[in-house]
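*Asks:* There's a structure below that I have some questions on.
The values are calculated or read from the model by the stated rules, or taken from the named source; none is laboratory data. Model, not experiment: these values are computed from the prediction. Methodologically, a virtual Cβ is constructed for each residue, glycine included, from the backbone with ideal geometry; neighbour enumeration extends over all protein chains shown.
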Amino acid sequence: MTDRPYTDDDLRALAATLHSRAAAKTDIAIRPAVESKWGDQLDDEAYDEASDQIVRILDRAADTSAWAVHLGADALKPSTEHEITIDAGRPIARIHFAFEPDMPEDMRTGLVEGVGFAIDRALEGGGEQTDEGEDSDGDVFELIGDIASKLRDATDSSEYHAFGLIYDLAMGRSTIADARAQLAELTFRHV
């Protein structure tokens with residue numbers, strides 16, 4: 001037990017609350033922002049319309065304060081180039097990614113593509129167990145979760161190998177048994 005009356009999770013929770021309050025109480029000058037962005041391209045009516053649309057967008061914006069605080073505490077940087085949107089005539093789910101700043105671009109892209117491929121297979125009903133010994137989607141997703149969890153804490157070359165396991169599983173290039181055996185041989189920090 002420490003002398004502190006709070007945990008790291010307590011600090012994150014309070015930081016998220018304060019972040020949310022700060023965002024909600026910020027006095028935003030919308031019309032000047034619209035004027036600054038589009039200058040003399042809009043007349044008064046168009047400025048009002050654009051300002052009203054921005055107010056509606058801001059009113060519906062999700063409070064992501066807790067996510068922002070957790071990303072910062074974990075030293076992860078959100079990507080503006082990587083996201084997956086699941087669309088059923090309208091967006092029904094969206095996954096945003098945040099990465100360690102030094103993660104290579106090809107690794108980021110491969111991870112996003114692998115997750116996207118796994119989601120596509122699940123939505124299409126592919127990969128479900130039909131015969132004894134075949135891998136089910138549930139087994140694949142469980143193992144992907146285990147690998148991703150260990151990958152987050154990896155500090156050496158094992159992180160690259162673990163990423164390869166994720167990609168091979170998502171692309172159907174590896175079986176559950178082979179990936180489990182390879183994962184068991186990897187050494188990670190904090191494991």
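*Asks:* Considering region 77-103 alone, what residues qualify as being surrounded by fewer than 14 Cβ atoms within 10 Å (Cβ to Cβ), among the acidic types (Asp, Glu) and over 9 Å from the mean Cα position of the chain (by Cα)?
*Replies:* Matches in region 77-103: Glu81, Asp87, Asp102.
*Asks:* Now for a different question. Within region 13-60, how many residues turn out to be modelled with pLDDT of 80 or more, among the basic types (Lys, Arg) and under 26 Å from Ala98 (Cα atoms)?
*Replies:* Qualifying residue count for the region: 1.
*Asks:* Name the residue, out of Asp3, Asp52, Asp43, that is without any contact (Cβ under 8 Å) to a residue 12 or more places away in the chain, surrounded by 10 or more Cβ atoms within 10 Å (Cβ to Cβ), on the phi < 0 side of the Ramachandran plot and of a type in the set (Asp, Glu). Reasoning before the result, please.
*Replies:* Values: Asp3 fails: surrounded by 10 or more Cβ atoms within 10 Å (Cβ to Cβ); Asp43 fails: surrounded by 10 or more Cβ atoms within 10 Å (Cβ to Cβ).
None of the other options fit; the residue is Asp52.
*Asks:* Suppose the filter is closer than 21 Å to Ala98 by Cα and touching a residue at least 24 places away in the same chain (Cβ under 8 Å); does Asp63 pass it? Break it down stepwise before answering.
*Replies:* Working: closer than 21 Å to Ala98 by Cα: yes; touching a residue at least 24 places away in the same chain (Cβ under 8 Å): yes.
The answer is yes for Asp63.
*Asks:* Among the residues of region 151-170, count how many are assigned to a loop (DSSP other than H, G, I, E, B) and either modelled with pLDDT of 80 or more or surrounded by 14 or more Cβ atoms within 10 Å (Cβ to Cβ) (or both). Full working, then the answer.
*Replies:* Of all residues in region 151-170, those assigned to a loop (DSSP other than H, G, I, E, B) come to 154-157.
Now narrow it down to the ones that are either modelled with pLDDT of 80 or more or surrounded by 14 or more Cβ atoms within 10 Å (Cβ to Cβ) (or both): 154.
Final tally of qualifying residues: 1.
*Asks:* For region 12-56, give me the residue count where each residue is assigned to a helix (DSSP H, G or I) and either within 30 Å of Ala75 (Cβ to Cβ) or of a type in the set (Phe, Trp, Tyr) (or both). First the steps, then the outcome.
*Replies:* As a first pass, look at region 12-56 and keep what is assigned to a helix (DSSP H, G or I): 12-25, 30-41, 44-56.
Narrowing further to those that are either within 30 Å of Ala75 (Cβ to Cβ) or of a type in the set (Phe, Trp, Tyr) (or both): 12-25, 38, 47.
Matching residues across region 12-56 total 16.
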